[in-house]
Amino acid sequence: MSIKQNDRYPYDIVAVRDDFPILQSEVYGNRLVYFDNGATTQKPRSVVEKIERNYYNTNANVHRGVHFLSQQATDEHEAAREVVRGFINARFAHEVVFTRGTTESINLVASSFGKAFLEPGDEVIVSQMEHHSNIVPWQLLPGVKLKVLPFAEDGTLQVGQLEGLISSRTKIISVTHISNTLGTVNPIKEIAQIAHRHNIPVLVDGAQGIPHEKVDVQELDVDFYAFSGHKVYGPTGIGVLYGKEEWLNKLPPYQGGGDMIDHVTFEKTTFAPLPFKFEAGTPDYIGSTALSEALRYVQQIGLDKIAAHERGLVAYAYAELRKIDGIRFYGEAVGKSSVISFNIDGIHPYDVGTVLDKLGIAVRTGHHCAQPVMQTFGVEGMVRVSFALYNTYDEVDRLVEGLHRVVGIFKRQTNRKKASA
Ligand code: C6P
C-alpha cells in the first residue's frame, strides 16, 4: 500500500504491515481497513509460523512424558511462561497462570477467592465501565453485593469516591485497566494504594491494557492482573492470570484434574505447587508458545512507540471525525487510549457499521459487552473504532470518507421520507 508521510510513524509502518498478511486482503473489492482491534488483533507471520513449527516439530503433551518430544514441548511451554513473566515484570514465573483468556482468569479468581473469602453480605467493588467479564463472575457468588465506582461524563473514573465506597464488608476491588468502550486509562497504582491501605486486594482486568500500555505488575502493586493472548497479537484460547505468590497460595484450586495434583487417593488429594495448582488438564502449550512469540514481537517494536503511535492516530481521528455532521463521542478522558466510540444523530450504529463494512472498513457496533456503559449514556449501542500498532493515518482518512458517505446516504433517505410525507 502507499502510505503518505511515512515520517509520521515512530517505526517502519510499511515493514510492520508486511508482517500481517491479512491486511493485504480485500473486502467487497476494497482494501481491508481493520479497526476492530479491541475485539481481537490480527496476527503477525511470526506467531502463525510458530504455531505451524510447533505442530510439525515439537508436538507432545507437556509435564507428562520422559520422551524427547515431551521434554522439548515442556521446555518451550515453561520458557513461554518466563517470557510472560518478563513482559509484565512479575517477580516469579510461578506467578503466571495460563488460562483460556481474561474471562477465565477473572472467573478463576472470583470462584476461588469467593470460596475462600466471600460470604453472603460481603462486597466487591467494580467500576461503572466494566466489561461483563468483570461483572457477571462476581454476581455468580451467592449473596455477594456489587458496589459500583462511577465515571464522570467524559469517562474519567471517579477515584476520589473509592474511599467512600469501602466498608468493613469490602473484600476485593476489581477494575479494568483500560475501558473497551470509553478508552479511559484508569489510575491502577492509585487504586491499589487506596485498596491496600484497607488491606483489600485488587484485581485488574487487563484485556485492553496489555496491548496498549507498558504493564509492570510490581510497580502497579496489583494482586491479580488478567489478560487475553488474542488481543495482543497472539492466538485465541490462551490467556494469563498473574497473581501475587502470597495470594495464589491462599486460594483453593479452580478446577480439578490432571497436572494440578501432587498425590491422589480416593480419600484425599494433595495439590501441585504454583502455578500448576491452577492449570488442570492438558495446557494449551501451542498457545502459550505462540503468545510468547507475540509478546516478543511487541517488545521488538516497543510498547512506548506503539502507545505513541496509537495516541497520534486517536488525536488525528478525533480532529477529522469532529467534522462529521451530528457525531457524538462517548469517553474523552485525558490520556485516553486507542478506542473511539461514537454515534451519529438519527443513524443506527448497525447501519453505520454495515455501510462501512461494504467499504471494506471493519468497526465494532453494539453494546461492546458493556451494557451498563450503554445504560449510563441512554443508548442501545455505539460504533467503536479501535486501533492497533499496524493502523495508519491513511486508514483514518478512509474511515472519515466512509462516514461522510454514511451521513450522505441516510440524510438523503430522511429527506425523501420527509418529501413524500
Ligand atoms: N472485549 C471487545 O470487543 P476475552 O473474551 O476473555 O478474551 O476478553 C473479555 C474481555 C474482558 N475485559 C475487557 C475490558 C474486554 O474488552 C474483553 C473483551 C471484546 O471489546 C469482546 S466483547
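The values are calculated or read from the model by the stated rules, or taken from the named source; none is laboratory data. Just so we're clear, the structure is a prediction, and the values are computed from it rather than from any experiment. Methodologically, a virtual Cβ is constructed for each residue, glycine included, from the backbone with ideal geometry; neighbour enumeration extends over all protein chains shown. Protein only, heavy atoms only, side chains kept; ligands, DNA and RNA dropped before computing areas. Shrake-Rupley method; radii C 1.70, N 1.55, O 1.52, S 1.80 Å.
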Any residue on another chain or 5+ positions along whose placed amide H is under 5 Å from the amide H of Glu213 is listed here as none
With 0.36 nm assigned to each residue of separation and the Cα-Cα distance removed, Asp75 to Arg169 gains 29.5 nm
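Can you tell me the dipole magnitude for the chain around its Cα centre, using point charges on the Cβ only (Lys, Arg +1; Asp, Glu -1), in Debye to the nearest 20?
Result for the chain is approximately 1100 debye, rounded to the nearest 20.
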Counting only DSSP loop positions in the stretch 253-354, the chymotrypsin sites (Phe, Trp or Tyr not before Pro) whose Cβ has at most 14 other Cβ atoms within 10 Å are Phe266
A correct Karplus calculation of ³J(HN,Hα) over the stretch 239-256, with 6.51 cos²θ - 1.76 cosθ + 1.60, θ = phi - 60°, whole Hz and x for Gly and Pro, returns x, 9, 10, 8, x, 4, 3, 4, 6, 4, 5, 7, 8, x, x, 8, 10, x
The pairs in Lys115/Lys277; Lys115/Lys268; Lys336/Lys358; Lys50/Lys358; Lys43/Lys214 lying past 25 Å Cα-Cα in this model are Lys336/Lys358; Lys50/Lys358
Which residues qualify? For Thr170, with a placed amide H closer than 5 Å and at least 5 residues away or on another chain, they are Glu123
Once both label points are put 7 Å beyond Cα along the C-beta direction, the Gln193-Lys115 separation in nm becomes 3.6 nm
Here the FRET efficiency for Glu26 versus Glu267, based on Cβ atoms and R0 = 60 Å and rounded to 0.05, is 0.40
The answer for trypsin sites (Lys or Arg not before Pro) in the stretch 295-385 that fall in a DSSP coil and have at most 14 neighbouring Cβ atoms within 10 Å is Arg322, Lys323
Against the 2.2 N^0.38 Å rule of thumb, the C-alpha Rg of the chain sits at a ratio of 1.04
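With the other protein chains left in place, how much accessible area per residue, in square angstrom, belongs to the chain at a 1.4 angstrom probe? Walk me through the numbers before you get to the answer.
Details: 17670 Å² over 421 residues.
Using a 1.4 Å probe on heavy atoms only, each residue of the chain averages 42 Å².
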Once both label points are put 7 Å beyond Cα along the C-beta direction, the Lys214-Asn415 separation in nm becomes 5.3 nm
Rounded to the nearest 0.05, FRET efficiency between Phe68 and Asp221 (Cβ-Cβ, R0 35 Å) equals 0.25
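For the chain, which whole percent of the accessible surface, found with a 1.4 angstrom probe, sits on carbon and sulfur atoms?
Details: 9100 of 17670 Å².
Heavy-atom surface of the chain belonging to carbon and sulfur, 1.4 Å probe: 52 percent.
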So Trp247 and Thr282, fully extended at 0.36 nm per residue minus their Cα-Cα distance, gain in nm 10.2 nm
Projecting the Cα atoms of Ile166, Tyr242, His63 onto the charge dipole of the chain, where Lys and Arg contribute +1 and Asp and Glu -1 at Cβ, the residue farthest towards the positive end is Ile166
Each label sits 7 Å from Cα toward the beta-carbon; between Phe377 and Ala60 the label points are separated, in nm, by 5.3 nm
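Looking at the chain, what % of its DSSP beta bridges pair antiparallel, to the nearest 5? Provide the component values of the computation, followed by the final result.
Details: 28 of 47 bridges.
In the chain, DSSP labels about 60 percent of beta bridges as antiparallel.
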Per the helix-only model, the chain has a calculated mean residue ellipticity at 222 nm (DSSP H runs of ≥4, -39500 (n - 2.57) each, divided over all residues, rounded to the nearest 500) of -12000 deg cm²/dmol
Site Lys147, offset 7 angstrom along Cα→Cβ, radius 14 Å on amide nitrogen, limited to the stretch 178-221, gives 194-201
The stretch 238-278 scanned against label point 7 Å out from Glu82 along Cα→C-beta; backbone N under 17 Å for 275
Candidate cut points under trypsin sites (Lys or Arg not before Pro) in the stretch 1-101, DSSP loop plus at most 13 other Cβ atoms within 10 Å of their own Cβ, are Lys4, Arg64, Arg91
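Return a whole-number percent for the relative contact order of the chain, with Cα pairs under 8 Å and 6 or more residues apart as the contact set.
Numbers: 794 pairs, mean separation 92.8, N = 421.
Here the relative contact order equals 22 percent.
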With x for Gly and Pro, the residue-by-residue ³J(HN,Hα) of the stretch 219-234, computed from phi through the Karplus equation 6.51 cos²θ - 1.76 cosθ + 1.60 at θ = phi - 60° and given in whole Hz, is 5, 6, 6, 8, 8, 9, 9, 10, 8, 10, x, 6, 8, 10, 6, x
To the nearest 20 debye, the stretch 241-332 has a Cα-centred charge dipole, built from +1 on Lys and Arg Cβ and -1 on Asp and Glu Cβ, of 340 debye
Going residue by residue through the stretch 301-314, the Karplus relation 6.51 cos²θ - 1.76 cosθ + 1.60 with θ = phi - 60° gives ³J(HN,Hα) values, rounded to whole Hz and with x marking Gly or Pro, of 6, x, 5, 5, 6, 4, 4, 5, 4, 5, 5, x, 5, 4
Taking the dipole of the chain about the Cα centre (Lys, Arg +1; Asp, Glu -1; charges at Cβ), the one of Met374, Leu118, Phe278 that reaches farthest to the positive side is Met374
